[in-house]
1. Is there a residue being closer than 21 Å to GLN23 by Cβ and among the acidic types (Asp, Glu) anywhere in region 88-104?
2. Hey, among the residues in region 19-35 that are under 14 Å from CYS118 (Cα atoms) and not in a loop (DSSP other than H, G, I, E, B), which one's modelled with the lowest pLDDT?
3. Give the residues of region 76-86 that are in contact (Cβ under 8 Å) with a residue 12 or more places away in the chain and either of a type in the set (Val, Ile, Thr) or farther than 14 Å from SER130 by Cα (or both), sorted by residue number.
4. Since LEU153 meets every condition but one in (1) more than 16 Å from the chain's Cα centre (by Cα); (2) assigned to a loop (DSSP other than H, G, I, E, B), which condition does it not meet?
5. Name the residues in region 88-101 that are open to solvent by 40 Å² or more (accessible area, probe 1.4 Å), assigned to a helix (DSSP H, G or I) and among the polar types (S, T, N, Q), would you?
6. Looking only at region 56-73, filter to residues that are part of a helix (DSSP H, G or I) and in contact (Cβ under 8 Å) with a residue 12 or more places away in the chain; which one of those is most open to solvent (accessible area, probe 1.4 Å)?
7. Can you confirm whether region 132-142 contains a residue that is modelled with pLDDT of 75 or more, crowded, with 18+ Cβ neighbours inside 10 Å and of a type outside the set (A, V, I, L, M)?
8. Kindly establish whether ASP61 is among the acidic types (Asp, Glu) and over 14 Å from the mean Cα position of the chain (by Cα).
Amino acid sequence: LDDLVVLNQLDGNAQWLENNNFQIHLLATHVPRKTGEWVGKFRAKLEDNFFKKWFENTYCDLVNNCVDSFIAMEESFYKNIFDICYQQESNLPEFMNLPIISELKKDFCKISMGLKLCGAGGGGHFLLFSRMPSDQLPLMQKLQSKYNLIKVL
C-alpha cells in the first residue's frame, strides 16, 4: 500500500464529514481474490430476476442518492451510505464472507459502522464508514491499530 494516496480535501466535504464525527478507512483483508471470478459470480446473480430488480431499482437508486447527498453535504448522506453497506451485506453475503469481517463486526459493535465492497473484491479491500461521538475516538484508534486501517478521511 505504499503507493496509496490518502485524500484530505474534497471541496469542503472532508471538513464537513470530520465536523460530524464521520470517518472513512480502508480495510485490507489480506485475502487475495481473483476479480474475474467475482465478476462472474455477480453476473450470474443478475440472471435472477429478483436480484436484478433489487440491483436496478433499489441499489442503483441508493448509490445515486448517496452521491447526490455527499456532494450537497446533506445529513441524509449518513443514512444513505450505511444503507448501501447494509444492502451489500444483505444481498451479496458471499462477497463479504471473510473471517476478518466477522471479527471486525464484533469489535465495532459499539460504533456505528458500515463496510462497503471496493469493486469486485479482487483486491480484498473494503471501505469502512463510521460515525461516532468524539468520546469514542480512543476506541476507534485502538481498532484502527488492531486492523491496520488506513484513514482515508
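The values are calculated or read from the model by the stated rules, or taken from the named source; none is laboratory data. Bear in mind the structure is a predicted one, so any value in this text is a computation, not a measurement. Neighbour counts are summed over all protein chains in view; Cβ atoms, including those assigned to glycine, are modelled from backbone coordinates with ideal geometry. Just so you know, the surface numbers come from the protein's heavy atoms only, side chains and all, with ligands and any DNA or RNA stripped out. Shrake-Rupley method; radii C 1.70, N 1.55, O 1.52, S 1.80 Å.
1. Let us first name the residues in region 88-104 that are closer than 21 Å to GLN23 by Cβ, namely 88-89, 96, 100-101, 103-104.
Filter again for among the acidic types (Asp, Glu), leaving 89, 103.
Yes, region 88-104 contains at least one residue that is closer than 21 Å to GLN23 by Cβ and among the acidic types (Asp, Glu).
2. Result: THR35.
3. ILE81, ILE84 - these are the residues of region 76-86 that are in contact (Cβ under 8 Å) with a residue 12 or more places away in the chain and either of a type in the set (Val, Ile, Thr) or farther than 14 Å from SER130 by Cα (or both).
4. Only one criterion in (1) more than 16 Å from the chain's Cα centre (by Cα); (2) assigned to a loop (DSSP other than H, G, I, E, B) is unmet by LEU153, namely (1).
5. Step one: filter region 88-101 for residues open to solvent by 40 Å² or more (accessible area, probe 1.4 Å), giving 89-90, 93-94, 97, 99.
Cutting the leftovers down to assigned to a helix (DSSP H, G or I) gives us 89-90, 93-94, 99.
Within region 88-101, just SER90 meets the criteria.
6. Let us first name the residues in region 56-73 that are part of a helix (DSSP H, G or I), namely 56-71.
Checking the rest, the ones that are also in contact (Cβ under 8 Å) with a residue 12 or more places away in the chain come to 58-59, 62-63, 65-66, 70-71.
Values: THR58: 59, TYR59: 25, LEU62: 22, VAL63: 46, ASN65: 80, CYS66: 9, PHE70: 45, ILE71: 116 Å².
For region 56-73, the residue satisfying everything is ILE71.
7. Within region 132-142 (the criterion being modelled with pLDDT of 75 or more, crowded, with 18+ Cβ neighbours inside 10 Å and of a type outside the set (A, V, I, L, M)), the answer is no, since none of the residues qualifies.
8. Details: among the acidic types (Asp, Glu): yes; over 14 Å from the mean Cα position of the chain (by Cα): yes.
The answer is yes for ASP61.
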